[in-house]
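Input: a single structure, listed below in structure tokens.
Each value in this text was obtained by applying a stated rule to the coordinates, not by laboratory testing. No experiment lies behind these values; they were computed from the predicted model shown. Cβ placement follows ideal geometry from the backbone for every residue including glycine, while neighbour counts extend to all protein chains displayed.
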Amino acid sequence: MSVVALVPAAGRGERLGAEVPKALVEVHGEALLLHAARGLLASGRVQHVVIAAPSDQLDEVAAALHPLGAAHVIAGGAERTDSVRLALDEAGRVAPDADAVLVHDAARAFTPPETIRAVVDEVRRGAPAVVPVLPVSDTIKQLDASGRVESTVDRSRLRAVQTPQGFALDVLRRAHDAADGDGATDDAGLVERLGVEVRTVPGHAHALKITTAFDLAIAESVLAACAA
Ligand code: C5P
């Protein structure tokens with residue numbers, strides 16, 4: 001039995017304003033994707049990593065991952081869900097003994113190993129699906145169509161969701177088989193639609209999603225602080 005991690009990284013990441021896809025943007029001289037894949041393997045819980053890359057950048061992505069020597073790169077699809085589904089198919093080939101699967105954002109390149117372990121261990125304890133979450137610190141307002149405040153949402157029951165998200169392999173397969181293409185923003189969302197329970201474990205501030213140049217600057221300083 002083994003754990004396979006899928007990293008859909010076939011998007012363009014234009015919000016970062018870089019010339020290269022977001023996954024190839026470098027922090028401390030190494031691509032975000034390399035940091036993310038290394039973190040997964042370094043958790044000690046993940047044996048295989050399958051990466052979905054832009055179809056015209058397979059060589060660049062493989063080169064960025066070269067220092068790791070242990071990742072499978074495939075061409076991604078038109079949408080994020082297509083990329084995950086293609087990576088899931090590849091996982092069946094490279095890790096036929098896998099019973100648990102993680103889906104991780106390359107943009108959460110500095111997710112601590114304890115968060116990855118907590119997700120895998122919860123799946124191993126029998127959870128069909130697991131997401132790391134953080135409490136929401138901002139007050140959240142719901143607006144009407146004209147931008148006026150309609151109500152204030154009770155934030156005590158709200159959580160921001162991070163990755164890796166963990167699944168029993170058959171559950172994620174079923175969720176993707178049933179997906180109708182109407183834009184779930186995460187894989188746990190597809191599992192929820194099956195009516196299957198999704199559990200939570202504590203997330204971590206270092207697992208922030210690097211989306212803007214500001215986030216990138218934060219990641220640089222997080223890494224500098226961790227190395228000090
Ligand atoms: O563009 P967005 O932020 O929604 O992308 C979320 C993640 O899905 C990114 O890591 C991106 O690389 C990935 N993605 C993908 N295949 C696509 C589109 C996005 O793997 N066709």
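When ASP187, ASP170 are arranged by Cβ crowding within 10 Å, least crowded first, meaning fewest neighbours, the order is ASP170, ASP187.
As a rough footprinting exposure proxy, the listed residues VAL161, VAL4 were ranked by other beta carbons within 10 Å of their own, and the order from fewest upward is VAL161, VAL4.
For the chain, return all DSSP H helices satisfying: extent of Cα atoms along own axis at least 30 Å; mean Kyte-Doolittle hydropathy at least 1.6. Taking the DSSP H segments of the chain (at least 30 Å long, mean hydropathy at least 1.6), we get none. Inter-part distance, the range 10-72 to the range 195-223, computed on C-alpha centroids, equals 16 Å. For the range 112-218, the list of trypsin sites (Lys or Arg not before Pro) that fall in a loop by DSSP and count at most 10 other C-beta atoms within 10 angstrom reads ARG125, ARG148. Counting Lys and Arg as +1 and Asp and Glu as -1 over every other residue whose Cβ lies under 14 Å from the Cβ of GLU90, the net charge comes to +1.
Near GLY203, once Lys and Arg are set to +1 and Asp and Glu to -1 for all other residues with Cβ below 12 Å from its Cβ, the sum equals +2. The calculated FRET efficiency for the pair VAL153 and ILE218, based on their C-beta separation and a Förster distance of 45 Å, comes to about 0.95. Normalising the average separation of contacting C-alpha pairs (under 8 angstrom, six or more residues apart) by the number of residues puts the relative contact order of the range 14-131 at 29 percent. Cβ-to-Cβ counts within 10 Å put THR211, THR152 in ascending order as THR152, THR211, the fewest first. DSSP finds beta bridges in the chain, and of those with both partners inside it, around 45 percent are antiparallel.
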